[in-house]
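Enquirer: Just passing along the structure, written as structure tokens.
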Amino acid sequence: MFAIFTRLADWLAYGIFGLDPASSLGHAVHFFIEDVTKIFFLLSVIVFAIGYFRSMLTPERVRKVVAGRSRAVSYPMAVGLGAVTPFCSCSSVPLFIGFLEAGIPLGVTMAFLIASPMINEVAVVVLAAAVGWKVAALYVFAGLSVGIVGGLVIEYFKLEKWVEDYVWKIRMGETNIQQTSTTFKDKLIYSWGQVKEIVGKIWIYVLVGIALGAVLHGFVPQEFFLKYASADNLFAVPSAVIIGIPLYSNATGVIPIVEALMAKGVPIGTVLALMMSVAAISLPEIIILRKVLKPKLIATFTGILFVAFIGVGYLFNALLI
Amino acid sequence: MKTFKVLGSGCCNCNTTADLIDRKAKELGVDVTIEKVTEMGDILGYGVMSTPGVVVDEVVVHAGGTPTPAQVEDWIKA
């Protein structure tokens, strides 16, 4: 299905540019062309298609649906809806306050916020196209599990005391926002707007990710990864997570790196741990959440994710070798 | 005269939204006042969680993303 992008890259890299298919530069340029065309094509198509259906799915509705449910329902619901509900990271703060105000437990709210940046439909489809459906399914499963476990731990230790006090005083108003996009044409316009907005926001992360992936693919020898990042090396997974924390990218932007690392034989657990860490924990997100969480809860939250990602890495490396 | 309020913490999309309303109002030659609401309590008071949101004469007409120029025109003309 995606062979057309491989052929396009063959033609451009080896035909037009005349690069040697066996050379490092040839490998790197081929990887770059194939991924740029494939990922941006998929990205636009998926955002457009999903945009058409999800003009109905808003955080306000999620809040209403999740509020008042038992924990056995609300946790899976929160991570599932967190994965598919679109919201800009600058909305994290009002969303957090609105959820708590509706009586949704802190743990469930955090589960939603953990799952949201890690999993989204674009990343899942692009990941599947790059490294197969099995890995994509594992990533989704692991991401949802980390969200639920993270939320449950926060709930277990009753960390509500580490939420900024003013948060509990805010009262939310009732409103019925008129849905303006109801006709077919409106929905198409909305979808196209989504493509412009989302692609406009994340293209730089994706492009940098592809460039790094191309360099890894073409110029870093396989022996390097076998030596430092094999499953035998117990430090490989924690190192991957630590490297990923300061790095900030959209989940889709990490995929070319995942692709290149897996092709070099780096074990799947290590690669997925890196992807989760890059996508989920980021400094900008932490700075935004600092407005509602006291530093102790920020530290606990980061610590829980750190441990959970390492756990995911070791587990998958142990199970899937 | 219509009063527009743009709900949002001051992120890029919120400023884009306010600028868009301002530009469209000038194009159409309609006098409007535009106010940016950045207090969390006030934003949530309108029942909006996903910013930017738009309020016209105290009625919430939009939430969660930059509106389209056509939507903005509708609000100004309505």
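Enquirer: Quick one: Debye curve from the C-alpha atoms of chain A, no solvent, what's log10 I(q)/I(0) at q = 0.08, 0.09, 0.15 Å⁻¹?
Expert: Treating every Cα as an identical point scatterer, log10 I(q)/I(0) equals -0.40, -0.50, -1.24.
Enquirer: For the stretch A:16-87, give the magnitude of the charge dipole about the Cα centre (Cβ charges: +1 Lys/Arg, -1 Asp/Glu; no others), in debye to the nearest 20. Provide the component values of the computation, followed by the final result.
Expert: On the way: 7 positive and 4 negative charges, 160 e Å.
Dipole of the stretch A:16-87, to the nearest 20 debye: 760 debye.
Enquirer: Hey, another quick one. Return one quarter of the surface area of the convex hull spanned by the alpha-carbon atoms of the stretch A:126-219, equal to its mean projected area, in nm².
Expert: So the Cα hull casts an average projection of 11.6 nm².
Enquirer: How many percent of DSSP beta bridges within the stretch B:2-77 run antiparallel, rounded to 5? Intermediate values should be presented prior to the final figure.
Expert: Details: 8 of 14 bridges.
The answer is about 55 percent antiparallel.
Enquirer: Name the residue, out of A:ILE97, A:ILE16, A:ILE310, whose mean-square fluctuation peaks in a Gaussian network model built on chain A with Cα pairs under 10 Å.
Expert: A:ILE16
Enquirer: Can you give the log10 of the normalised intensity I(q)/I(0) at q = 0.19, 0.23 Å⁻¹, computed with Debye over equal Cα scatterers of the stretch A:34-152?
Expert: -1.01, -1.28
Enquirer: Can I ask one more? Enumerate the helices in chain A for which the Kyte-Doolittle hydropathy averages 0.0 or more and the C-alpha atoms extend at least 27 Å along the helix's axis, using complete DSSP H runs.
Expert: A:24-54, A:133-156, A:184-219, A:295-319
Enquirer: Of all DSSP beta bridges in the protein assembly as shown, what percent run antiparallel (nearest 5)?
Expert: Rounded to the nearest five, the antiparallel share is 60 percent.
Enquirer: Moving on to the next point. Show which aspartates and glutamates lie in cross-link reach of A:LYS296 when reach means a straight Cα distance below 13 angstrom and same-chain residues fewer than eight apart are skipped.
Expert: Excluding near neighbours in sequence, the set is A:GLU160, A:GLU164.
Enquirer: Now for a separate question. Roughly how many debye, to the nearest 20, is the charge dipole of the stretch B:2-77 about its Cα centre, given +1 on each Lys and Arg Cβ, -1 on each Asp and Glu Cβ, and no other charges?
Expert: Details: 7 positive and 11 negative charges, 29 e Å.
With Lys and Arg at +1 and Asp and Glu at -1, about 140 debye.
Enquirer: Give, to the nearest whole percent, the P(r) tail of the stretch B:2-77 beyond 14 angstrom, counting all Cα pairs.
Expert: Here the tail beyond 14 Å accounts for 53 percent of pairs.
Enquirer: On to the next question. Quick check on the exposure proxy: order A:LEU234, A:LEU95, A:LEU42 from fewest to most C-beta atoms within 10 angstrom. It would help to have the intermediate numbers written out before the result.
Expert: Details: A:LEU234 10, A:LEU95 27, A:LEU42 19.
Lowest to highest Cβ neighbour count: A:LEU234, A:LEU42, A:LEU95.
Enquirer: Could you point to the residue in B:MET1, A:ILE33, A:ILE114 farthest towards the positive end of the protein assembly as shown's charge dipole, with +1 and -1 charges on the Cβ of Lys/Arg and Asp/Glu respectively?
Expert: A:ILE114
Enquirer: If amide hydrogens are placed 1.01 Å from N in the peptide plane, which non-local residues have theirs closer than 5 Å to the one on A:LEU293?
Expert: Those lying under 5 Å, H to H, from A:LEU293 are A:GLU164.
Enquirer: Extending each Cα 7 Å along its Cβ direction at B:VAL59 and A:ASP232, get the distance between those two points in nm, one decimal.
Expert: Each label point is offset 7 Å from its Cα along the Cβ direction, giving 7.2 nm.
Enquirer: A further question follows. May I have the extent of the alpha carbons of the stretch A:153-272 along their three principal axes, as whole Å values ordered from largest to smallest?
Expert: 60, 47, 19
Enquirer: Can you tell me the dipole magnitude for the protein assembly as shown around its Cα centre, using point charges on the Cβ only (Lys, Arg +1; Asp, Glu -1), in Debye to the nearest 20?
Expert: In total the dipole reaches around 560 debye.
Enquirer: Could you tell me how many cubic angstrom of Cα convex hull volume the stretch A:16-62 has per residue?
Expert: 92 Å³
Enquirer: For the stretch A:1-103, state what percent of all Cα-Cα pairs lands in each successive 10 Å bin, counting from 0 Å until the bin that includes the largest distance.
Expert: Percent of pairs per bin, in order: 13, 29, 18, 16, 16, 8, 1.
Enquirer: List the aspartates and glutamates whose Cα lies under 16 Å from the Cα of B:LYS5, skipping any in the same chain that are fewer than 8 positions away.
Expert: Hits, sequence-local ones excluded: B:ASP19, B:ASP22, B:ASP31, B:GLU35, B:GLU39, B:ASP42, B:ASP57, B:GLU58, B:GLU73, B:ASP74.
Enquirer: Among the lysines, which fall within straight-line cross-link reach of A:LYS187, defined as a Cα-Cα distance under 19 Å, with same-chain neighbours fewer than 8 residues apart omitted?
Expert: Partners found: A:LYS196.
Enquirer: If you average the sequence gap of Cα pairs under 8 Å that are 6 or more apart and divide by the length of chain B, what percent do you get for the contact order?
Expert: 39 percent
Laboratory data are not the source of any read-out in this text; all were calculated from the coordinates shown. Everything numeric here is computed off the predicted structure, so don't read it as measured data. Backbone-built Cβ (ideal geometry, glycine too); neighbour counts: all protein chains shown.
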